[in-house]
1. Solvent-accessible area per residue for region 189-287 at a 1.4 Å probe radius, Å²?
2. Defining a contact as two alpha carbons under 8 Å apart and six or more residues distant in sequence, what relative contact order in percent does the chain show?
3. Would you mind getting me the FRET efficiency between LYS307 and ALA190? Use the beta-carbon distance for r and R0 = 25 Å, nearest 0.05.
4. Would you list ASP180, ASP113, ASP39 from the most to the least accessible area, probe 1.4 Å?
5. To the nearest 10 degrees, how steeply does helix 138-151 sit against the main Cα axis of the chain, on a 0 to 90 scale?
6. With all protein chains present, how much of the accessible area of the chain (probe radius 1.4 Å) comes from carbon and sulfur, to the nearest whole percent?
7. Whose amide H sits under 5 Å from the amide H of TRP92, counting only residues 5 or more places off or on another chain, with H placed in the peptide plane?
8. Between rounded, prolate and oblate, where does region 18-108 land on the alpha carbon gyration tensor, with a ≥ b ≥ c its root eigenvalues, rounded for a/c under 1.5, else prolate if a/b exceeds b/c?
Amino acid sequence: METRKLGNSDLQLSPVGFGAWAIGGAGWEFSWGQQEDADSIAAILRALELGVNWIDTAAVYGTGHSEEIVAQAVKHWKGKRPYIFTKCTLRWDENRKVYPEHSAASIRKECEDSLRRLQVDTIDLYQMHWPPRDNGAGLEEAWTAMRELQKEGKARWIGVSNFDRAQMERAAKIAPITSDQPPFSIIRRAIEAEILPHCEKNGIGVVSYAPMASGLLTGAMTRERAAALSPDDFRSRNPEFKEPRLSKNIELVERLRKVGARHGRGPGEIAIAWVLSHPAITGAIVGARNAKQAEGVMRAGEIQLSKDEIAEMAGAAAASAR
């Protein structure tokens with residue numbers, strides 16, 4: 001599988017990385033509902049077998065549980081150790097209620113806790129999960145703390161997530177940004193205006209999340225399944241999974257399916273390949289909840305879409321949005 005250099009780092013990434021949000025399991029504010037740990041480990045191992053060489057998680061996913069499952073899976077893996085990425089600035093209380101925290105002391109504690117749960121001595125890419133809600137000086141304090149952790153060798157490289165251009169410019173005055181992690185899919189394209197051009201111009205790698213729109217573009221999401229999403233699944237509150245958007249999104253999936261048929265691939269893989277076709281994108285974060293799901297999406301980086309197909313899908317998305 002081809003690899004792509006991530007920003008200013010020495011990390012050579014497979015086009016697709018394993019996204020470990022859903023494997024955090026149920027019982028917290030932004031869960032994907034119930035999840036079996038054995039299925040999660042099998043999904044990670046199958047992704048690694050298929051050539052994926054990086055795993056993206058976060059301390060907050062399952063309030064620490066995702067990191068622990070990643071560690072278990074990597075311990076079972078007999079091949080070359082994958083790169084492990086995680087994130088900070090989202091904490092939780094005794095009731096698993098999530099809250100932001102950008103103080104230097106918190107960043108340091110979060111890093112130590114993540115190192116312990118992941119059972120590693122250094123984090124390959126440590127990312128600030130969200131900027132401060134008030135867009136205040138907490139951004140500089142947190143990024144300065146992350147720079148110090150990098151100097152100490154506890155993080156090899158440091159990046160940001162969900163930052164806009166101005167916020168990246170502020171952080172870059174303190175320390176170079178290796179990567180940005182924004183949402184990006186054929187139905188969520190806001191970053192094309194400013195963020196992707198800024199990253200491309202400044203040599204910042206981009207590992208985008210939700211290329212299949214949180215499972216909406218996989219081809220497996222029906223109206224019945226969307227209506228039956230558990231209240232414990234954050235997607236049950238997402239307007240893209242409700243009418244009138246849902247029918248338009250399902251129509252788009254059918255158009256993706258037609259393109260996929262030419263390649264012998266499913267609509268989810270085509271949605272991922274569309275994201276990877278953008279020159280500013282280094283890699284796409286793709287989740288899977290069992291080995292079968294991993295089988296169906298982790299090789300999407302091999303798909304070479306033609307310019308006509310890319311234009312065809314962009315037109316289909318625009319038609320769906322009307």
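The values are calculated or read from the model by the stated rules, or taken from the named source; none is laboratory data. Only a predicted model underlies this, so the values are computations on that prediction, with no experimental measurement involved. Note: ideal-geometry Cβ built from the backbone for every residue, glycine included; neighbour counts use all protein chains shown. Surface accessibility is based on the protein's heavy atoms, side chains included, excluding ligands, DNA and RNA. Shrake-Rupley method; radii C 1.70, N 1.55, O 1.52, S 1.80 Å.
1. Solvent-accessible surface per residue comes out at 43 Å².
2. Working: 654 pairs, mean separation 69.5, N = 322.
After rounding, I find 22 percent.
3. Values: r = 23 Å, r/R0 = 0.91.
Calculated value: 0.65.
4. Values: ASP180 0, ASP113 30, ASP39 70 Å².
From most exposed to least exposed: ASP39, ASP113, ASP180.
5. Roughly 80 degrees, rounded to the nearest 10.
6. Values: 6960 of 13580 Å².
It is 51 percent, rounded to a whole number.
7. Distant-sequence amide H within range of TRP92: TYR99.
8. Values: a/c = 2.76, a/b = 1.56, b/c = 1.77.
Since a/c reaches 1.5 but b/c is at least a/b, the shape of region 18-108 is classed as oblate.
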